[in-house]
Each structure stands twice: as structure tokens, then as C-alpha cells.
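Report on the following structure.
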């Protein structure tokens, strides 16, 4: 039983040590290389690559578990237990691999992360003495590969082994392995020619031979705690010895030597390492490359690298485009020139950074004209129709071509004249003077400069506002040539008729009138002078004026334009102002309370024959001097409205404060003898609305013998009304409270208790 519990506890601990997140479908490639440092010391570089867009996948391992084995005819390897050394190598560097920059192609987003582990044996107190008959194997293994791989069977169930074999001959010569120059492109464009230099460099100058080969498996799809770090688990610790199994490709479409389909199929040059082909099926493909190193015809070592090609659809971004008059269809443009035979072409091709060359070709009668300028000016022989092309990145797969058609038409000249009375406002007459080299004009479009327009050939227009008015005429002829011309009219006449609109023609003093000037054209640049007939004047265009006195008033207006033209008008008896009464009254009493029985309003107005009283509490009176009882306490507005015989009125408001009043009185003696007469001592008065009431009685020793917070309760001569009878004598009384508006009151006095 104890042994079972101990095993269960160990299993639980191992689950914490090796959580499920430490296994993930993330590996997309890797390699291992070495340098001989002499005296049995070596430096190794392990590189592991992961898909950093992979979801729910493991990260790059912070520590790589490395196994070192000596295997061969005289030293067979028998599992992890035969390891010469076990190294736990920390991650040296972690970085993202840049996505390739394809000219004029936009590949999809792909993220590849590289983890680099660099370790020297001597730092781990390990040396590899020369072994004449056996090789040394340095191994790192990890499960699992990216589950989206296309060309292998059940990709997420297979792991990876990245190892190097140091042969007896390589040991004897202190050989250095080759090192790959670059990492393959993370994205390969489908249906585009691939050329990737997969070459390696060798410090010893040995001969290198390249070939496709199957990647090694390593690390199984097993997370059981007791198996996790074994050769049957996801992360062997240390990496296991040979022999290593190959990853099975998906037959019959794919194999180690034909890992990607296409036409032509992917191939590698054995002497240069150049990988070429035209990948076709979109997907993710594992590719294994082996580099064999020979010296004097003797094989010294082989290094292995596998990686993932992401074959994707790359959208072309290059667009041959020009500024055209008419877009005939996609990449076909029409340019018209009406008159000039030299045409400047505006190049709007995008994106500019992808465009390496730009070639213009035009067919001019019996000859061809070319240009390599970005925006050339082409001189055509004369009136006629011509064609040409704009070719971007000529002779490359990454190019584009636009067809260009050019019409050279006879000249079209737009022109017009105008006339108007410069001093007195009237219509402006426009006369078209345009001339076309084509058959005839087909349309006229006038922008009259004041948000109005016309499509007749010779319009007339009345302007309501003055100023420097730009007028534009756009004409079109039978060749669909369009020309325009703009001329500015200095339009500053005075109005032909002065028209004003007062907001009121009659009313009571004081009469406020808004005079709206409806005359046109007029603006702030004009001088205006108003005379209101009572001595008042204004220079505003549309002034507001107040007539303080009664009477009938004649109003006049003078207008002078910026160029000195003048006009004026007199409006006889335009405004009639009637006298108004004057409101006035007094309130008696001026200070009132809830105890005031009656409030009187005494009229003191002048010139009034009718009265209307309005109280803000809703009450109304029409008597000349009304009276009323206050309904309640508080502040109310009393408004008096008075009218005279011509219905002119005046208004006056006054504030009436009806205060809440509290009254409280104390007697000076009482006789608590049980005869029901003066048996209780308490105050009397009006206490409605009082707050924080406190009534206390004290004996001559300073002892409080009675207290209450209720105004209607009193003292019966006993201590707190329940104790022994207090002796006859004089007692101190203290009363405090606040009135309904919060004002504090305090009453101090004496009461004589008589028995």
C-alpha cells in the first residue's frame, strides 16, 4: 500500500514537471554543426525552428537536452544508458526569421522563430578523444512537427532529430563541419520560379556534395510522465543514439527526393546546392537536405538540415497605370489632346518601390518612338489617332503592361464677354466667344460664381451679392474636347431699389425695431447711413434701434457703393410709437409672516386704466389695490401688469417674503399639588416647524432634573417626572431650538416651584 501511494505521488510530481503544454505541434526545421577546437574539444551549434503563428503549441525549449554517444563496430550503442555525456544546454539566442521581400508580389503572413544553442564540450568538462574505430554522435530530439504539413503522413505524430556524426577520420583530422550560409525563404510563391542558394561554407575547403534526403524522426507523441524523457517520449533526455528512423512521405505524390510538386519539379544541384523549380500545389512541405564533406575523395562527415517551405498564393501588387481621360477597360487608357501635339504622360503606376524599369513605346505613323523616362513628353506628328504601351519591369515575371490610346484633336479655345451697368444693379449679359477646330460646339456649362449655373450659350444673370465674382465657362465640341476659361467680374453697383422691412411698424414705448435691409446687391464694403427721425442714426446694414419717446417717425437710408455710386430713399411716417403706462405699487406690511392676517397691495402706477396682479403661487387679482391672506410661508413674486387706453402695458415685479414665525413663552411659577390647576410647568406659544427643540431644568446644585425634546410636554415637579418630589424653590430653565429656516434661539430663565 505504501509503495502504491509513493508511486502515485511521483506520478503527480512528474505531471507538474512535464505539463501538456511542453509538447506541441511546432517544429518546422533545424540543423546541427560543429567546430573542432583541438585536444578532443568541440563547439556545436544547434538551430531549431518553430511556427510562431501556431496556436496551442510549445515554445522554443529554454534548455536543450543533448546526448553524446560513441557507436561503431567495437562500441555498440544501447539506448540512453550508453551515453558518454548528458548536457543540459541553455538557449543562447532567440529571434524571428525575416519574411522574404518579393518584388511586386505580396506573400501571406508567415512567422518563423529560430532558437540557437551554442555549447562547447570543455565547459561541461567533456572531451572526445580520438576513437580509431567508432564515431561520436551528438543528438537532440523533440516531438512534434507542425500538424499542417502537407507532404508527410500524420505530421503531428512525428518528431525531429538534429545530430552530427564525427567519424574516426574527422576526429583524426580535427575536421570542421560545413555551415549553411542562409535559411531558406519562409514563403515560396506558387507558380513562380524558385531559385534558392542552399550552399554551405567549409572552413577546411573540403569538397561538398548536396542532395535531398529524408528528415530524421525523434521524440514520440507520448506525454506519459514515466515515458516523457525516454526514447519513446516527447522530449528524450538526453537525445537518443542511432539508428534513427526516417520521416515517411505521403506516397505517391511526395518523396524525400521529390518533396514538392510542380513543373518543373524541385531539384538541387549537387555541386552548388542551388534549389530550383516551380512549386505549384499550395501547402506546407518538409524538405530535407544533406551535405556530404569529402577530402581527397574520403567522406569525412555529413550534416543534415530539414526545413519547411510554405508554398502560398502571392498576389501581384504591380499595376501599370497612367492619368487618363477615359479608362476603356482594365489597363487600357485613352488620352485626348485638344490642340497641342506634345503630350506629357503622368505615370501613376504602383507601388513605386517595386518598379525597376519603365518603357514607353508609341507607334507614330511609320516609326516607333520609345522613352525610359518616368513621365515622358511625347511629340506626335499632328491630328490623328495613335497607340502605345507602358511596360513595367520588362522581361521579368514581376511586370505589368498598360495599353495607351492617344487622340490628337484640333484646338478648342474657350472665351466669353460680358456687359452690365456698373453703377445701378441690373442683369449681367454673357456672350460666348469660344472657337472649335472640330465641327461645332455641343455644350456650354457656366459656373456663375454665386452657386448658380447655366447651360444656355448666352445667359443673363442677376447677382444679389456684390464682389469680385469669378465666372467659369466650360465648353465641349463634337470631338468631346473640353476647355474652360475663368474671368472675374468687379460687380459693385448700388441697389436699383432700396427695400427695408421693420420688425414692427407701431408699438408702445420703448419700441425696439429690427430694420432688415432687403436691398441688393450690398455687403459690408458698402457705406450705409440710417436716420430714424428722432435724432438717432446707424451705419449698420440692418440695424436694431429703440424708440424711447412716443410719436410718428420718418426713416431714411443712404447707400454708397465701394466705387462711389450712390442711392437713397425716405420712408415717410414709417414708425408710430404710442405712450406706455408706468407700473408701481407698495406691499403692506413690507415684512410678513404666517401670523400676519392680511397683506395689502397698494397701486401707485401712472397712466393706467386696467390692472392685473399675478402671484407666483398661482393667485390672480384684477382690482386696483387688492388684499389677500398669506396662504403659506415662503417667498413669492408679486407682478403688477398695467395697461393704458391704447393697450400699452408696463410690468413691475417685487419679492414678498412670508417668513415662518415661531413664538415660545415660559411661565415663572407653578404649583404641582394635584388640584389640576397649574400642576405642570411648560412653555406655550406657536412652535409649528421648529426643529432641534431641547427643554431642560436644573436645581441649585447644577444637577439636571428634567429634559424633553417635545414642546408640548412639561415638568411635574418630580425628578425626570418619575422620581421623588423636588423641594419648593427656584430652578433654572434652559430652552434651545431652531426656527423653520434654521435660525437658532435660546431662552434662559427661572421657575419657582410652590407647594
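You will find that of 352, 302, 367, the residue that is in contact (Cβ under 8 Å) with a residue 60 or more places away in the chain and out of contact with any helix residue (DSSP H, G or I) (no Cβ under 6 Å at 6 or more places or on another chain) is 302 and no other. Apart from one condition, residue 390 fits all of (1) modelled with pLDDT under 95; (2) under 45 Å from the mean Cα position of the chain (by Cα); (3) buried (at least 19 other Cβ atoms within 10 Å of the Cβ); the exception is (1). Taken as a whole, the condition of being over 13 Å from residue 212 (Cβ atoms), free of Cβ contacts under 8 Å to residues at least 60 places away in the same chain, in the same structural domain as residue 156 (by TED's automatic domain parsing) and part of a loop (DSSP other than H, G, I, E, B) applies to residue 243.
Restricting to region 589-609, name every residue that is surrounded by 15 or more Cβ atoms within 10 Å (Cβ to Cβ) and modelled with pLDDT of 90 or more. Those that are surrounded by 15 or more Cβ atoms within 10 Å (Cβ to Cβ) and modelled with pLDDT of 90 or more: 599, 601, 603, 605, 607, 608.
Answer yes or no as to whether residue 562 is assigned by TED's automatic domain parsing to the domain that holds residue 652 and either assigned to a loop (DSSP other than H, G, I, E, B) or surrounded by fewer than 17 Cβ atoms within 10 Å (Cβ to Cβ) (or both). No: the conditions fail for residue 562.
Residue 498 fulfils the conditions (1) outside any loop (DSSP other than H, G, I, E, B); (2) touching a residue at least 24 places away in the same chain (Cβ under 8 Å) except for a single criterion, (1). Among the residues of region 545-567 satisfying the criterion of being free of Cβ contacts under 8 Å to residues at least 40 places away in the same chain and within 30 Å of residue 581 (Cβ to Cβ), which is nearest to the chain's Cα centre (by Cα)? Selected residue: 545.
Is it the case that residue 430 is in contact (Cβ under 8 Å) with a residue 60 or more places away in the chain and not assigned by TED's automatic domain parsing to the domain that holds residue 367? Criteria not met by residue 430.
Scanning region 141-159 for residues that are surrounded by 20 or more Cβ atoms within 10 Å (Cβ to Cβ) and under 13 Å from residue 233 (Cα atoms) yields 141, 142, 143, 144, 158, 159. In this structure, does residue 412 turn out to be modelled with pLDDT under 95 and buried (at least 20 other Cβ atoms within 10 Å of the Cβ)? In short, yes. What are the residues in region 295-340 that are part of a loop (DSSP other than H, G, I, E, B), modelled with pLDDT of 90 or more and surrounded by 14 or more Cβ atoms within 10 Å (Cβ to Cβ), if any? Scanning region 295-340 gives 320, 321, 324, 325, 331, 339.
Does region 664-683 hold any residues that are touching a residue at least 24 places away in the same chain (Cβ under 8 Å), closer than 30 Å to residue 597 by Cβ and either touching a helix residue (DSSP H, G or I) at 6+ places or on another chain (Cβ under 7 Å) or in a strand (DSSP E or B) (or both), and which are they? 664 - this is the single residue of region 664-683 that is touching a residue at least 24 places away in the same chain (Cβ under 8 Å), closer than 30 Å to residue 597 by Cβ and either touching a helix residue (DSSP H, G or I) at 6+ places or on another chain (Cβ under 7 Å) or in a strand (DSSP E or B) (or both).
Rundown of residues vs (1) surrounded by 14 or more Cβ atoms within 10 Å (Cβ to Cβ); (2) at pLDDT 95 or above; (3) assigned by TED's automatic domain parsing to the domain that holds residue 143, yes/no style:
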residue	(1), (2), (3)
189	yes, no, yes
203	no, no, yes
233	yes, no, yes
256	yes, no, yes
273	yes, yes, yes
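Can you find a residue in region 451-459 that is over 51 Å from the mean Cα position of the chain (by Cα), in contact (Cβ under 8 Å) with a residue 24 or more places away in the chain and either assigned to a loop (DSSP other than H, G, I, E, B) or surrounded by 15 or more Cβ atoms within 10 Å (Cβ to Cβ) (or both)? Scanning region 451-459 turns up at least one residue that is over 51 Å from the mean Cα position of the chain (by Cα), in contact (Cβ under 8 Å) with a residue 24 or more places away in the chain and either assigned to a loop (DSSP other than H, G, I, E, B) or surrounded by 15 or more Cβ atoms within 10 Å (Cβ to Cβ) (or both).
Does at least one position in region 275-286 carry a residue that is within 25 Å of residue 179 (Cβ to Cβ) and not in a strand (DSSP E or B)? Spell out the reasoning first.
Narrowing region 275-286 to residues within 25 Å of residue 179 (Cβ to Cβ): 275-277, 285-286.
Those still in the list that are not in a strand (DSSP E or B) too: none.
No, region 275-286 contains no residue that is within 25 Å of residue 179 (Cβ to Cβ) and not in a strand (DSSP E or B).
Within region 638-661, is even one residue in contact (Cβ under 8 Å) with a residue 12 or more places away in the chain, more than 30 Å from residue 585 (Cα to Cα) and not in a loop (DSSP other than H, G, I, E, B)? No, there is no match, as no residue in region 638-661 is in contact (Cβ under 8 Å) with a residue 12 or more places away in the chain, more than 30 Å from residue 585 (Cα to Cα) and not in a loop (DSSP other than H, G, I, E, B).
Just one residue in the set 486, 554, 546, 528 is under 26 Å from residue 415 (Cβ atoms) and part of a strand (DSSP E or B); that residue is 486.
Yes/no per residue for (1) surrounded by 15 or more Cβ atoms within 10 Å (Cβ to Cβ); (2) at pLDDT 95 or above; (3) farther than 23 Å from residue 121 by Cβ; (4) over 45 Å from the mean Cα position of the chain (by Cα):
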site: 8; (1), (2), (3), (4): no, no, yes, yes
site: 17; (1), (2), (3), (4): no, no, yes, no
site: 27; (1), (2), (3), (4): yes, no, yes, no
site: 66; (1), (2), (3), (4): yes, yes, no, yes
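Filtered by the rule that a residue be over 60 Å from the mean Cα position of the chain (by Cα) and either surrounded by 16 or more Cβ atoms within 10 Å (Cβ to Cβ) or farther than 21 Å from residue 725 by Cα (or both), region 674-694 gives 681, 682, 683, 684, 685, 686, 687, 688, 690, 693, 694. If you go through region 62-109 and pick out every residue that is in contact with a strand residue (DSSP E or B) (Cβ under 8 Å, 6 or more places away or on another chain) and farther than 30 Å from residue 398 by Cα, you end up with 27.
The values are calculated or read from the model by the stated rules, or taken from the named source; none is laboratory data. Because the structure is predicted, anything quoted here is derived from the model rather than measured. With ideal geometry, Cβ positions are generated from the backbone for all residues, glycine too; neighbour counts draw on all protein chains shown.
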